[in-house]
1. Which is surrounded by fewer than 18 Cβ atoms within 10 Å (Cβ to Cβ) and among the β-branched types (V, I, T), of V470, V517, V457?
2. Looking at (1) over 16 Å from G268 (Cβ atoms); (2) buried (at least 17 other Cβ atoms within 10 Å of the Cβ); (3) among the basic types (K, R), which one does K493 not meet, given that it meets all the others?
3. Looking at (1) farther than 22 Å from P713 by Cα; (2) under 18 Å from the mean Cα position of the chain (by Cα), which one does S488 not meet, given that it meets all the others?
4. Would you tally the residues in segment 671-702 being assigned to a helix (DSSP H, G or I) and either surrounded by fewer than 20 Cβ atoms within 10 Å (Cβ to Cβ) or small (G, A, S) (or both)?
5. For segment 764-771, indicate whether the set of residues that are under 23 Å from the mean Cα position of the chain (by Cα), in a loop (DSSP other than H, G, I, E, B), assigned by TED's automatic domain parsing to the domain that holds G349 and within 19 Å of T484 (Cα to Cα) is non-empty.
6. Run S182 past the list (1) assigned by TED's automatic domain parsing to the domain that holds L638; (2) assigned to a helix (DSSP H, G or I); (3) among the hydroxyl-bearing types (S, T, Y) and report the number of the one that doesn't hold.
7. Tally time: how many residues in segment 242-299 are under 15 Å from the mean Cα position of the chain (by Cα) and of a type in the set (S, T, Y)?
8. Tell me, which residue of segment 599-652 that is small (G, A, S) and in a loop (DSSP other than H, G, I, E, B) is surrounded by the fewest Cβ atoms within 10 Å (Cβ to Cβ)?
Amino acid sequence: MTDRRQLPVQRSAALRLLVAWVGAVARHPVVALAAVAALVVSSTIYSAGRIQMNSDSRQLVRQDAPFRVNYSDYLESFPEFQDMTLVVLSGDSIDATSDAQRRLAAALRGRTELIANVHAPGADSFFEDRALLYLDEDGLERVVERLAQAQPALAALTEDPSLRGLFGEIAAGVDRLGAGESIPPGFLEMADLVTEIGESMLAGEPHSVSWSDQVMDHDGEVYRLITLQGRQDFTQAVPAQRLIDEIRRTADQIGVTPENGVSLRLTGMVPLAHEELASLRQGLVLAGTISLVLLSLILGVGVHSLRIIVGTFVSLAVSISLTTSYAMLTVGEFNTVSAAFAVLLLGIGVDFAIHLGLRYEEEMALGLSRVEALESAAGETGGPVSLCALTSAIGFASFIPTEYRGLAALGVIAAGGMLFCFLTSYTVLPAILALGRERGARDLGLAARGAVLQRLVEAYAGPIVASAAVLAVGAIYLSTTGTTFDFSTLGLKDPESESMTTLHELHEREIVTDYSVTALSKSLASSELLAADLIALDQVAEVRPPSHFVPADQDTKLEMLSDAAFFLEPVLYAPPPRAAPTEAERIASIQDLQDKIGALDGEVPPSQREPLRRLDAVLAALLADANRSRIAADLERLVVADLAEQIDWLRRALSVDRIEFADLPESLRNRLVARDGRALVAALPSEDVSEIEALGRFVSAVTSVAPRATGRPVVEHGIGRIVVRSFQIAISISLISIFFVLVLRLRSFSDSALVLTPITLAAFFTVALGGVFGIHFNMANVVAVPLVLGLGVDSGIHVFMRFHRNRSLEEMITSTTPRAVMLSALTTLAAFASLSSSPHRGLSSLGSLLAISVLCLLYCTLVVLPAMILVRDRWRRRSRSTRPPVPV
């Protein structure tokens, strides 16, 4: 083995300056650490009062793009739709849920210091009184049929709103059944209703009759919505926290709770952004904690030096502190993307300290003093590490010139962070190492550790390169055909969060849609023409102009309502009710009904006998109770609790007149027609626009008719194009810049191409494997590929320059360089993989992609690159040996 200390060393002026700096630090470590401490304290004081988090995801892309201008114009014309919170109330009772909507909307309107406006669709008297008119013809027909069936019971209860009246009507039906006559309409349904209320009382969970539920259509779950605009402060760490807390607190105070039969959930723009920010913060804290634990374990196993480990972590802490101050000085704030800089620096910045620390160990093993070992380690690693810092910075900075402002901010911050990581690694770590005691030479056992890898690469260099070429073809094919971009901002959010699960539920039930495209017609009159043009498109399933909110087929419906009012006249206009029954009369009505049921013979069909058998059992239990008088009174109250109110509503609902657009409430008309007269026309897609291709077709079709149409699909399609352009620009900048830097440093096009080729291959592997594992590119993880190029070159540079320095595969593989590369890869893998634990899907997918990339880089750097170097050198030697001699 060649003694590398005997080889001539030619160092640049910059490298000589770095060696001199490390030597000065090593000779005066206490002074150096005191200066660093003073700098950290100053930077902490500076940044403490300036750290800001801008959680507004709209600011992640440039604001002057046409789709953003159109969206801003739309919000300026209809400010009611900006920063909306959607309060979703759900329950199993129409009455209970509607009542909760009215009460909560009224309570929230009183919070003017926190809420700008409140809109509760359907909760005002206009829509309450015209609810039947807004049903479709089939739905209205079913309601009328139910009213006809309930008419006898309703008439009886209107005349005598008590158990005496209700049970008298049921007893009359039992008599007809016993006489072999046909039972009246709704008889069995009324028996079942009384049975249900009685059973709920016996179970200790009494509930009243909801007459609306008996008449109106609903599938078991009733939804009522409230939209509101709250006041947020984006300079706060969690801008919407107070708003969301107050909505929930207000609901609790007025009894809108699951215990009272109504659940409250929040979704919409503000809760979605709020929960994304919460998941981002939680994910970063979790990832940082996991990363630190894994880094400690990996360094503890791989470095075997507590002083190097401590120095590495102190260097990282100083770097993050300085980078935070630098971020506030340059960018001024963090966003939901750039906030990940600390975890990224943990994964990348540790590499610099590892290479310096392990090289220091190698020099100490040869018997050098601390200062000599540190100077020698700085001289040997300074060139590759500085080059790595530069290429890593290029990988981050490649997004700075793009339209993607969120990643551009991350590029500025992390690129500067690379400089701080380099400087602290060659300042803080040497100072801490210099404080240690002198140690004699020792064997690091590197030869034995690298022998297996050396033999493998030397024996199979050709097949390794050939197989890598084959894999490259497959990876390029998969990367170009199997890669998809998910442009949806919803794709970044935690799918298990309340706002996301609620939004999906509303979409599935077609209660609301977040994927309509909104076009603005010049006037209310022209909105119908625009709607006609839009509905003619194959990509459009439904169009909703302002006239959509005026009931259709009113003539037919008004006739149906008139018929219902005619046969319900005894109910709607009943004479004054009888006086309330006495306790004895209630008990007697129960006893009389039970006797009549018991007198039925066995010829009654089972389908009719079973409901009466259940009712008989309930009545027997009520009569057997010692407090049967009180229980009878409670049963009466639960049955007729809101009957008078419901009859009054039914009277109004059946006597409505035809309505026009001008009759709609002003609050609704203002949401459909702007002050300048322009009218909203919403187009709904005929395809599932969560698919990128379908989204593109839908947006292209609608904008071909209405070029200034806007809405989430248009905005996300526009963001998608920005992301793709930014992705392409960043990759181009990374490749060209890194290759240029390599050529300048290595002074050889072929050597630069040799280093860059396996790294580019690793990038294709990453993209291909991401597609195989179903990891789609999104607005957060798109930075992965430029980072792979920037980070991958680091390891390639270390391997190539160590091989170039010693001109021996054995020297390179049995040195500390492969171990440093391996440890760097493992620590980077640990930091990036920790991101995958985040509930924020953007961070999680970024961590997963980067973890895959590190594994690919490890293979390409420690196996493919040495094999390529050997194949090239062998080819060159064969070429020289077969070259004919030059004639003299």
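1. Step by step, each of V470, V517, V457 is checked, and only V470 is surrounded by fewer than 18 Cβ atoms within 10 Å (Cβ to Cβ) and among the β-branched types (V, I, T).
2. All conditions pass for K493, except number (1).
3. (1)
4. Residues that pass the stated criteria total 7.
5. No, that holds for no residue.
6. (2)
7. Within segment 242-299, residues that are under 15 Å from the mean Cα position of the chain (by Cα) and of a type in the set (S, T, Y) number 2.
8. G602
The values are calculated or read from the model by the stated rules, or taken from the named source; none is laboratory data. Keep in mind the model is a prediction, meaning the values are calculated, not measured. A quick note on method: Cβ atoms are made from the backbone with ideal geometry, for glycine too, and the neighbour counts reach across all protein chains shown.
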